[in-house]
1. Among the strands (runs of 3 or more DSSP E) contained in the stretch 168-226, which hold 2 or more residues that are in contact with a Phe, Trp or Tyr (Cβ under 7 Å, 6 or more places away or on another chain)?
2. Which one of these is more than 30 Å from A122 (Cα to Cα), in contact (Cβ under 8 Å) with a residue 40 or more places away in the chain and touching a Gly at 6+ places or on another chain (Cβ under 6 Å): V178, V170, V201?
3. Need the failing condition index for G147 against (1) farther than 25 Å from I266 by Cβ; (2) in contact (Cβ under 8 Å) with a residue 40 or more places away in the chain; (3) surrounded by fewer than 21 Cβ atoms within 10 Å (Cβ to Cβ), just the number.
4. Can you give me the number of residues within the stretch 407-434 that are part of a loop (DSSP other than H, G, I, E, B), farther than 19 Å from S253 by Cα and either of a type in the set (S, T, N, Q) or in contact with a helix residue (DSSP H, G or I) (Cβ under 9 Å, 6 or more places away or on another chain) (or both)?
5. The conditions are (1) under 29 Å from E106 (Cβ atoms); (2) in contact with a Gly (Cβ under 7 Å, 6 or more places away or on another chain); (3) at pLDDT below 90, and L234 fails exactly one of them. Which is it?
6. Return a yes/no flag: does the stretch 263-273 have any residue that is open to solvent by 40 Å² or more (accessible area, probe 1.4 Å), polar (S, T, N, Q), at pLDDT below 90 and not in a strand (DSSP E or B).
7. Hey, does the stretch 370-388 have a residue that's open to solvent by 40 Å² or more (accessible area, probe 1.4 Å), assigned to a loop (DSSP other than H, G, I, E, B) and among the charged types (D, E, K, R)?
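The values are calculated or read from the model by the stated rules, or taken from the named source; none is laboratory data. Keep in mind that this is a model prediction, so the values were computed, not measured. Glycine also receives a Cβ, built like all others from the backbone with ideal geometry; neighbour counts cover every protein chain displayed. Heavy atoms of the whole protein, side chains included, go into the accessibility calculation; ligands, DNA and RNA do not. Shrake-Rupley method; radii C 1.70, N 1.55, O 1.52, S 1.80 Å.
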Amino acid sequence: MYNPHAEDEAGMADPHDQQTVAYPYHPGGTAAGTGGPGGPSDPGLLASSPYYGAGGPVMPPTAPRRGSSWRAVVITLVLAVLFGGLLFGAGWQFGNAHGVSSATLETGSSTTTTTTKVVTTAEQAREAAIAKVQPAVVQINVSTASGASGIGSGVIIDKRGYIVTNYHVVENAQQIEVVLADGTHLAAQVAGTDPADDLAVVKINPPSNITVATLGDSSKLQVGQEVLAIGNPLGETQTVTHGIISALGRTVSEEGQGSAVIANAIQTDAPINPGNSGGALVDLSGNVIGIPTVAAIDPEFNTPANGVGFAIPSNRVRFIAQQIIATGQVTHTGRAALGVRVASVTPQLAAQDNLPVDYGSLIVSVTANGPAARAGLRAGDIIVAIDGQKVTDNQTLSDILVNKSPGQTAKVTVYRGNQQMTVTVTLGELQAGS
């Protein structure tokens with residue numbers, strides 16, 4: 001598995017490490033066994049790979065039939081990442097952007113039987129929420145050509161048989177089986193994947209009585225709000241755990257080749273364990289407000305941290321899933337791109353290259369006709385501020401850009417030689433798959 005704390009493949013320390021607070025693990029059963037990108041090569045450039053890859057399945061020693069796997073990730077609380085060498089701020093765009101091909105989810109459950117129960121207590125609210133969502137949560141069993149297996153979870157989001165899950169659950173899968181809440185086993189196929197968000201959609205031939213979950217509005221969530229996590233931890237089907245939203249707006253970077261960077265992640269103390277990946281994080285109204293994907297590892301003891309889990313917000317899930325259902329792929333990422341490759345300026349680098357400042361981000365290269373190039377920025381410029389906020393290194397540059405969106409303008413202050421200048425950059429959109 002690729003180690004994000006080592007130097008990246010371009011020979012520069014990974015900028016995410018500077019605010020790393022934990023080594024989390026993936027609570028889902030990945031089917032892959034791939035390692036990370038290659039070793040150090042060209043000094044001074046950032047790695048071109050946007051992801052941190054997936055680890056292979058680890059069979060639990062006491063229950064080898066269950067195949068739940070652990071997968072390390074890195075969490076940085078305020079983070080941007082380099083996709084394809086382009087520094088971008090993950091200013092998420094949840095709605096349908098201009099030109100985005102998307103399908104409206106068909107969310108009506110096929111079953112016509114409904115039961116109305118008067119809810120007067122918190123316990124009854126939890127019971128009602130579970131009763132509403134649990135039938136739409138499935139177990140996903142995956143096997144690969146090598147014979148490896150894994151277990152994850154998924155949520156039925158469309159009555160045509162579309163199920164959302166994590167990319168790492170179905171990565172490199174040769175065969176996928178979905179187990180419905182009533183125990184029905186069905187073959188499934190991958191409809192499309194989005195490794196950048198750790199999301200995938202699989203398709204089954206839906207039964208006549210299929211139950212569909214409702215995706216809630218994650219923009220309305222509040223810290224302290226009660227939530228439920230429903231999934232298949234350690235292969236124990238249809239398990240429900242309870243907690244609150246511990247924090248909002250986290251940014252989570254997952255370790256290894258093909259791994260995701262999740263902005264605006266929901267942090268929860270509802271227990272999330274291997275096998276929960278791809279399941280449902282639910283509010284007390286019975287709406288799915290997130291898809292659990294990772295939980296933290298205590299770096300001191302290398303053991304799961306108690307009550308620190310993360311979920312992809314439902315608005316992002318909807319934005320991505322609708323594109324996959326419509327076209328089989330993600331056509332718009334909704335992520336802002338500056339269009340540069342950069343290296344952190346240190347006192348040592350400043351002295352070595354006789355730079356005018358000993359801090360900032362040195363532009364190593366500029367994407368042809370990209371946002372920075374159109375604004376007149378060029379290799380050799382040193383970015384020292386964005387919209388008046390000081391840039392001390394690549395991490396702070398990422399921290400500033402993380403809240404930007406495609407189409408927004410940013411005033412970028414740079415040193416060109418000994419001259420300081422400010423240019424206005426209209427941020428672009430990160431290309432899907434870059």
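1. 185-194, 199-204
2. V201
3. Here G147 meets the rest and fails (2).
4. The qualifying residues number 3.
5. (1)
6. Within the stretch 263-273 (the criterion being open to solvent by 40 Å² or more (accessible area, probe 1.4 Å), polar (S, T, N, Q), at pLDDT below 90 and not in a strand (DSSP E or B)), the answer is yes, since at least one residue qualifies.
7. Yes, because at least one residue in the stretch 370-388 is open to solvent by 40 Å² or more (accessible area, probe 1.4 Å), assigned to a loop (DSSP other than H, G, I, E, B) and among the charged types (D, E, K, R).
Residues are listed down the side, and each one gets a yes or a no for (1) under 20 Å from H168 (Cβ atoms); (2) touching a residue at least 60 places away in the same chain (Cβ under 8 Å); (3) open to solvent by 10 Å² or more (accessible area, probe 1.4 Å); (4) not in a strand (DSSP E or B):
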site	(1), (2), (3), (4)
E300	no, no, yes, yes
A305	yes, yes, yes, no
R316	yes, yes, no, yes
A321	yes, yes, no, yes
T333	yes, yes, yes, yes
V342	no, yes, no, no
L349	no, no, yes, yes
Q352	no, no, yes, yes
P356	no, yes, yes, yes
